[in-house]
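S.K.: Please read through the structure below; I'll follow up with questions.
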Amino acid sequence: MIKRKGVLRLVLVCSLCIVYGVLMSFVNDESSIGKGKNAELQKKLYWSGQHKLSLWYNLMSHKGAGFFEVRDQFSAYFSKNPYIKTSEVKQYKKYMAAYYPNIDAAGNFIVPIENGEVNRKKPKAGNDWRQLFLKWNSKQDNAGVGVLRSIRIKPDEPETVLAGAATAGIWKTRNSGEDWMLVSGAVPEVEWVNEIIYSRKDPKVVYAATNIGVVKSVNAGDDWSYTSLKKTFPDKFGSLLWIDVPSISSDIIYATAEEKGVYTLYQSEDGGNSWVENYQTDNKIWDMKVKPDDPAVVYILEESEKTKWINFKRSETKGKSFNLVSKGFPVDHGSKAHRARLATTPANNNVVYIAIGFNGGGKNDMISFFKSSDAGKSFEKTCCGDREEPLENAMGLTDFLYDTCHLAQLTWNFAFTVSETDENVLACAANKLKVSTDGGKTWHFDLSGEVIKGREYDKYPTNNVHTGVHGDHHGLSIVGDHIWNGNDGGAYYSSDGGKTLVKDKTDGLGIQELWGFGQSFKNDIMAVGLNHNRICFRDDDVYGGWIGVNGADAMAANVNPIDDQYMYTHPWGHQRVKRSLEGVNGHQFQDLGIELGYITLDNLEFHPHKYYTIYGSDYGDRNKTYLLKKTVDNAKSWQTINSFTAEKKNAVSVKASFANADYVYAVVEPNKVIKSIDEGETWEEMSPPRSLVKDYALWRLAVSDQNPEHIWVTVKGNQDQVKVIGSIDGGVNWFDYSEGLPPYAIYSMIYQRGSDDIMYVGTRLGVYYRKKGMKQWELFGKGMQAANTSFMFINYAKGKLRVGTSRGLWENDLLELTAPKANITTDKTEVSKDDPFVRFADYSVVDQDAEYQWEFPGGTPSSSTEERPVVSYENASGGKYDVILTVKDKRGRSTQTLKGFISCKID
């Protein structure tokens, strides 16, 4: 690793040399921002420019910089500047999500270990994994589910569509989106699907460009297999993956891939059995197409070596060499372009379209469309504005940019296509979707003339429960009157060639990327934070499905396990939500009191016996607070119980013991373990030796419910040295507990209460289990695809293990159901004359049809058979009182006595 000072000096020089050509030409400094309707946009653009000049932003792309270095610079920057959320900040979020689980103790990225056979291991236990809640958004308005990067209509059967997700593989519908099914199960490593292409010669043959390489189907997408252009999981290609097949062959394929900043054009002439490298460049390839009737002619859009323009290049040698095309399309132009896309069609083999744009914001957004009728040898500008200008901010009634159709985040979201059946029908979308029927000369929200304004587009009823088309578009496909669009919210469809806006057809797609997940103990009340979408709640009795609550790029989502009316979330800010029990509206919001951090994938920890007592890390909104906190009054107030500000480190996992709630443990990054035996009042370090954990970082934590000093901690990274460590004496001595685990990063870990030390860990490819007496970990369950398995919960009443992932929610039966284990919890343990009532609740390992017997010496009533009794101590004398709970189900009975649990201050 380059030394810190060297990195900062290098980046500072680079930053000072950056020419940010559009750093708000109409806003030179923040003080010049006006107060009109564009003031907020101007402010965002100004700070976008400042962010681009910052050290944290430039360090993200510097190979010598470590994760902690980037994060420290990010925190330092925003301690001095206002926090304005821009596309640069979103890039930081993605950086955090990608790197954080796979770093060593110094913050260096761990290069993945290659092991191609581990994922073929057969499970020793567990049933098939079942994906939950595929019907996500048909009952209530949540305005988006997850990201589709690509979408393609079957040329000879337009009711059949394939959709490629950003994190969730390939999905198929045979009935225009009424039903969807995951079809990439045989290629479980496939997550990111950037482009899908049917063979026009034989539509049963389909190819897809994915994170793992090119995959192929020979039965129209029902099943898939790997071609020889393949990475060994968990290694992967970059995100700009393009693929195309000429109309005259099903076996000739062109594909581009990126590795470590190098872009390569590959070709196969035998259906993917073998590939050759025809072209390489250090410049980004933003798109690639092949001439439909001539596989020797290839087109690419490549960033200029000389300027910040994107050049069109043409090859007649199967991509072995390319020529710049300058006739009608500017070459190495001085204007900056952020993104460009290509479109070709078998409706006219000689037609090539280019859409090219620049994200300047408002009046500085610029876009142009070019058309070639001679197979890319020359072009003419069809739209918009001055035909001699390479890019224009043209906002006339039929121009693409008219009325809020802006180009924000263009490097992320830019879709463009031409119809397979009509060379003049085009669709293009950045934040909003428009269509053209005259080769791109004029553009419209719809062709009926009813939707002209952006506000009409945003209010359009796209299904029975919500309005508007979700923004940030990635994939488009047109065959005849069928137009399909994939965006950050899911799949949208027009059956009438754009006469009406596209309709939401997302329901049934399991593509939710969870950055937060929590559930109640028994009732399956749930909350999720969805990347690119909202905080969503689920209570079937009240809401009838998932409801969108607030936020975007939502993160932490916690549910109080007992009083599940309370949620603790991170949509934009950090909130305690008292959700409505009357309907989809009426939720009560208040500031949470701590900040849950950026994509921490953490959950708050709830006290085993006091459900309003909560432990949590106060990361700060920009991960700069470094405090461990505790509340005893349901987040009305918090106290700091430990501080790591000197080290600038966070407590990344906190667990309290069900065996003895006085014991609380925390993992403090990168590799420290601390322990308290007085509920967080005092702490001591119990870190494992470096000889055991090597130079890796620690992350997840679990505690036995039999012995409060029996603990386990996971080790980060795609590596095969050490995966899980354990201690049976509270951290005095440690041992390796990794045998049997694959070299994939571990994202989550949970202990099954009441069991013989049954543990589950969620890896990047599958869940593994282990119990006392087993010599090694074993694969658990069948059918889990590659995913970030970030969250694990157990519903003991139903006997289910739940896993929240980057592919949505999954469920399996527990390894085994155990005898009951009683556990008492309550809203408070101190009562007074003014507040004598205590609300008790069962927090036991027990079936949902269990029987309860409570005893409350000094209380009224003095006993109860209810699951959640309310007891008054107003007639009790001062002092302390025991509480006893006996639970019974078909597997046995269990009793817990908490001595002196209730303190009465009645006198």
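S.K.: Scan segment 240-270 for residues that are within 33 Å of the chain's Cα centre (by Cα) and not in a strand (DSSP E or B) and jot them down.
M.R.: Correct list: L240, L241, V245, K260, G261.
S.K.: Mind checking which strands (runs of 3 or more DSSP E) fall wholly inside segment 735-777 and carry at least 2 residues that are out of contact with any Lys or Arg (no Cβ under 8 Å at 6 or more places or on another chain), farther than 17 Å from L698 by Cα and at pLDDT 95 or above?
M.R.: Result: 766-770.
S.K.: Does L240 fit the bill of being of a type outside the set (G, A, S) and either at pLDDT 95 or above or outside the structural domain of N348 (by TED's automatic domain parsing) (or both)?
M.R.: So L240 does not fit the description; no.
S.K.: Can you say whether G858 is in contact with a Cys (Cβ under 9 Å, 6 or more places away or on another chain) and not assigned by TED's automatic domain parsing to the domain that holds E189, as far as the supplied structure shows?
M.R.: Judged against the criteria, G858 is a match.
S.K.: Could you say whether any residue in segment 246-261 is acidic (D, E), in contact (Cβ under 8 Å) with a residue 60 or more places away in the chain and surrounded by fewer than 24 Cβ atoms within 10 Å (Cβ to Cβ)?
M.R.: No, that holds for no residue.
S.K.: Six or more apart or on different chains, Cβ atoms under 6 Å: show the pairs whose first residue is in segment 370-398 and closer than 17 Å to I310 by Cβ and whose second is charged (D, E, K, R) and surrounded by 16 or more Cβ atoms within 10 Å (Cβ to Cβ).
M.R.: Between residues of segment 370-398 that are closer than 17 Å to I310 by Cβ and residues that are charged (D, E, K, R) and surrounded by 16 or more Cβ atoms within 10 Å (Cβ to Cβ), the close pairs are F370/K381; G376/R314.
S.K.: Another question, then. Does segment 689-702 contain any residue that is among the charged types (D, E, K, R) and over 33 Å from the mean Cα position of the chain (by Cα)?
M.R.: The answer is no; no qualifying residue exists.
S.K.: If we only count helices (runs of 4 or more DSSP H) wholly inside segment 49-158, which ones have 2 or more residues that are among the charged types (D, E, K, R) and at pLDDT below 85?
M.R.: On the way: elements: 55-59, 67-80, 87-99.
In segment 49-158, the matching helices (runs of 4 or more DSSP H) lie at 87-99.
S.K.: Right, here's the next one. Return the pairs, sorted by first residue and then second, in which the second residue is in a strand (DSSP E or B) and of a type in the set (F, W, Y), the first residue lies in segment 411-436 and is closer than 23 Å to I452 by Cβ, the beta carbons are less than 7 Å apart, and the residues are 6+ apart or on different chains.
M.R.: Between residues of segment 411-436 that are closer than 23 Å to I452 by Cβ and residues that are in a strand (DSSP E or B) and of a type in the set (F, W, Y), the close pairs are L426/Y353; C428/F416.
S.K.: Here is a follow-up. Applying the selection to segment 706-726, what residues are surrounded by fewer than 21 Cβ atoms within 10 Å (Cβ to Cβ) and either among the polar types (S, T, N, Q) or at pLDDT 95 or above (or both)?
M.R.: Q706, N707, E709, H710, Q719, Q721, V722, G726
S.K.: Can we say R314 is crowded, with 23+ Cβ neighbours inside 10 Å and basic (K, R)?
M.R.: Judged against the criteria, R314 is not a match.
S.K.: Among the residues of segment 362-374, is there at least one that is buried (at least 21 other Cβ atoms within 10 Å of the Cβ), under 23 Å from G49 (Cα atoms) and of a type in the set (D, E)? Working first, answer last.
M.R.: So the first thing to find is which residues in segment 362-374 are buried (at least 21 other Cβ atoms within 10 Å of the Cβ), and the list is 365-372.
Applying the additional criterion that residues be under 23 Å from G49 (Cα atoms) yields 365-367.
Pick out the ones that are also of a type in the set (D, E) and you get 365.
Checked segment 362-374: at least one residue is buried (at least 21 other Cβ atoms within 10 Å of the Cβ), under 23 Å from G49 (Cα atoms) and of a type in the set (D, E).
S.K.: Cβ-Cβ distance below 8 Å, separation of 6 or more or different chains: which pairs start in segment 462-479 with a residue that is in contact (Cβ under 8 Å) with a residue 60 or more places away in the chain and end on one that is hydroxyl-bearing (S, T, Y) and outside any loop (DSSP other than H, G, I, E, B)?
M.R.: If the second residue must be hydroxyl-bearing (S, T, Y) and outside any loop (DSSP other than H, G, I, E, B), the pairs left are G468/Y457; H470/Y492; H474/S150; G475/S150; L476/T417; S477/T417; I478/T417.
S.K.: Would you pick out the residues in segment 311-347 that are of a type in the set (K, R), assigned to a loop (DSSP other than H, G, I, E, B) and over 17 Å from E380 (Cα atoms)?
M.R.: K318, K320, K336, listed by residue number.
S.K.: I would also like to ask the following. For segment 703-724, state whether one or more residues are touching a Pro at 6+ places or on another chain (Cβ under 7 Å) and either under 30 Å from P820 (Cα atoms) or among the hydroxyl-bearing types (S, T, Y) (or both).
M.R.: No, there is no match, as no residue in segment 703-724 is touching a Pro at 6+ places or on another chain (Cβ under 7 Å) and either under 30 Å from P820 (Cα atoms) or among the hydroxyl-bearing types (S, T, Y) (or both).
S.K.: Residue by residue through segment 188-210, note down the ones that are farther than 15 Å from I153 by Cβ and surrounded by fewer than 24 Cβ atoms within 10 Å (Cβ to Cβ).
M.R.: P188, W192, N194, K201, D202, V205
S.K.: Which of the residues that make up segment 380-401 are surrounded by fewer than 22 Cβ atoms within 10 Å (Cβ to Cβ), part of a loop (DSSP other than H, G, I, E, B) and either on the phi < 0 side of the Ramachandran plot or not assigned by TED's automatic domain parsing to the domain that holds K313 (or both)?
M.R.: If the condition is that a residue be surrounded by fewer than 22 Cβ atoms within 10 Å (Cβ to Cβ), part of a loop (DSSP other than H, G, I, E, B) and either on the phi < 0 side of the Ramachandran plot or not assigned by TED's automatic domain parsing to the domain that holds K313 (or both), then D386, R387, E388, E389, P390, N393, A394, M395, G396, L397, T398, D399 are the ones that fit.
S.K.: Tell me which of these S326 doesn't satisfy, since it passes every other one: (1) surrounded by 17 or more Cβ atoms within 10 Å (Cβ to Cβ); (2) within 23 Å of Y279 (Cα to Cα).
M.R.: Every condition holds for S326 apart from (1).
S.K.: Looking only at residues that are touching an Asp or Glu at 6+ places or on another chain (Cβ under 7 Å) and among the hydrophobic types (A, V, I, L, M, F, W, C) in segment 301-321, which one is nearest to Y263 (Cα to Cα)?
M.R.: Once the filter is applied, the top-ranked residue is L301.
S.K.: Confirm whether G357 is at positive phi, within 37 Å of the chain's Cα centre (by Cα) and touching a residue at least 24 places away in the same chain (Cβ under 8 Å).
M.R.: no
S.K.: What is the number of the single condition among (1) touching a strand residue (DSSP E or B) at 6+ places or on another chain (Cβ under 9 Å); (2) surrounded by fewer than 18 Cβ atoms within 10 Å (Cβ to Cβ); (3) within 27 Å of L45 (Cβ to Cβ) that K441 does not meet?
M.R.: Among (1) touching a strand residue (DSSP E or B) at 6+ places or on another chain (Cβ under 9 Å); (2) surrounded by fewer than 18 Cβ atoms within 10 Å (Cβ to Cβ); (3) within 27 Å of L45 (Cβ to Cβ), K441 violates only (3).
S.K.: Would segment 183-192 turn up any residue that is within 24 Å of Y493 (Cα to Cα), assigned by TED's automatic domain parsing to the domain that holds K289 and either of a type in the set (S, T, N, Q) or free of Cβ contacts under 8 Å to residues at least 40 places away in the same chain (or both)?
M.R.: Yes - at least one qualifying residue is present in segment 183-192.
S.K.: Quick test for you: out of K216, K172, pick the one residue that is under 19 Å from Q785 (Cβ atoms), over 24 Å from the mean Cα position of the chain (by Cα) and in a strand (DSSP E or B).
M.R.: One residue alone meets the criteria, K216.
S.K.: For segment 573-642, which fully contained strands (runs of 3 or more DSSP E) count at least 3 residues that are buried (at least 20 other Cβ atoms within 10 Å of the Cβ)? Let's see the steps before the verdict.
M.R.: Details: elements: 575-578, 588-591, 614-618, 627-631.
The qualifying strands (runs of 3 or more DSSP E) are 575-578, 614-618, 627-631.
S.K.: Next up: Go through segment 501-554 and give me each residue that's of a type in the set (A, V, I, L, M, F, W, C), more than 21 Å from L148 (Cβ to Cβ) and assigned to a loop (DSSP other than H, G, I, E, B).
M.R.: F521, I525, V542
The values are calculated or read from the model by the stated rules, or taken from the named source; none is laboratory data. All values reported here derive from a predicted model rather than from experimental measurement. Here Cβ is always computed from backbone atoms with ideal geometry, including for glycine, and neighbour counts include all displayed protein chains.
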